[in-house]
Amino acid sequence: MAEAQSKEDGLRQIAQMRAEHRQKVADLKKKRFSRLLTNMLLVIVFLTFSGVGLASVGYMQVFMFVAVGLLPGMAALITDSRPGRFASKTIIAFNLSGMTPHLASIGYSGSPNQTALAIMRELETWTLVYGFAGFGWVLVFLIPHIAALYLEVKATYTIKKLEEFKNALADEWGDKVKK
């Protein structure tokens, strides 16, 4: 009888733990979705105000170039929910570095709108802009693996050196040191 009661108590505890876990997962999903919507809203507001501002002074094509060029960075900003947002910062930095030569030529030209249109028509422009952004994405996904590999190799080397040191101590002081 007592055995059946303890079994039922255990099953109730497991069911309660599962329910709590499901609730935590649901709350986490809500929080992530809320952050995603907030990020999307911020990007939309920024693009709207900057687009209206540039259009009001006659630079609509310049705004179009910047908005289309920064799409990978904006996607990273919207989807990156980790603390510090280092992935989105890295991708936006690489994205902007790919746009910088073209933005400089637009800024130094006599007619920025015409220059922006000419630049947007060139395939090399988009290859450079999105290529740099793609390189930023590659770094974001590749660097943690490289760091883990480095740490693993370093730990293996340290273990090897400690084993050699332990064996040297054992040779000098006897096998009692190994224990």
Report summary line: Contact list, first residue from segment 82-93 and part of a loop (DSSP other than H, G, I, E, B), second anywhere and of a type outside the set (D, E, K, R), beta-carbon distance below 6 Å, six or more apart or interchain, is none
Query raised in the report: Pick from Tyr130, Tyr108, Tyr150: which is under 30 Å from Phe65 (Cα atoms) and modelled with pLDDT of 95 or more?
Result: Tyr130
Report summary line: Taking segment 88-116 and the residues there that are hydrophobic (A, V, I, L, M, F, W, C) and surrounded by 16 or more Cβ atoms within 10 Å (Cβ to Cβ), the one that is nearest to the chain's Cα centre (by Cα) would be Ile91
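The values are calculated or read from the model by the stated rules, or taken from the named source; none is laboratory data. All figures in this text were calculated on a predicted structure; none of them were measured in a lab. Here the Cβ is made from the backbone with ideal geometry for all residues, glycine too, and neighbour counts use every protein chain on show.
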